[in-house]
Each structure stands twice: as structure tokens, then as C-alpha cells.
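Everything below concerns the one structure shown next.
The values are calculated or read from the model by the stated rules, or taken from the named source; none is laboratory data. Predicted model, so just to flag it, every value in this text is computed and none were measured. Here the Cβ positions follow ideal geometry from the backbone for every residue, glycine too, while neighbour counts run over all protein chains shown.
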Amino acid sequence: MKEAFGTNSVQEVANRLKMSYQGVDHLIKGRRKFNDALLLQISALTGCSIHWLLTGEGPKLVSADANIAGLVAKGKLSRRDREMVESLLAVLKKSLEE
């Protein structure tokens, strides 16, 4: 996950995700599992594919739209949830640009 954010600092990743140091450290060490919402957030912030975030395999960078479409195709998100997530991602991206 640190690679996705381009840093060696757990604290920097925690700050970007608005999480505690310990929460991010547990994710990195496998003591805590990633949920879909967190994966979408990391993907939106970094441009990394969800598949790459989970496995370290395949293309590292893809669009957030492709990640959302993949979750929908796998039945992880309903179409209604997809629309909601896309709206949230748009707001998140806009806030990052400011």
C-alpha cells in the first residue's frame, strides 16, 4: 500500500486516508482486511487498480471507472451502489484538486 501512495511512510498513508497509524499498519501487515469502500478510496486516491492493490499482479494503474465496473461485474456492487460510488468519487477527486 505504501508503494501505491509513493511513500515509505505509514503515517503519510494514514494521513491521506484519514485513518490512524495503527489502522493502516494493521492493513499493511494483514491483520485487518480491506473492504470494498476502502479499496475504492485507495484506488481513487492513487489511480492503482483494485486487483493490483490486492495481489500486486497485473497493471498497477487503471481508471477508477474500470475498478468500479469490475466490482459491478463481479456482483460486488449493485448498479445503484455504483452510481452512488461514482458520485462520491467525483466529489473526492474534486476535493483533491482544490
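Taking the criterion of being of a type in the set (A, V, I, L, M) and either loosely packed, with under 14 Cβ neighbours inside 10 Å or assigned to a loop (DSSP other than H, G, I, E, B) (or both), the residues of region 27-56 that qualify are 28, 37, 54. Residue under question is residue 24, and the condition is that it be in contact with a Ser or Thr (Cβ under 8 Å, 6 or more places away or on another chain), modelled with pLDDT of 75 or more and part of a helix (DSSP H, G or I); does it hold? When the stated conditions are applied, residue 24 does not pass them. The residue that is nearest to the chain's Cα centre (by Cα), among those in region 38-56 that are in contact (Cβ under 8 Å) with a residue 40 or more places away in the chain and over 16 Å from residue 2 (Cβ atoms), is 40.
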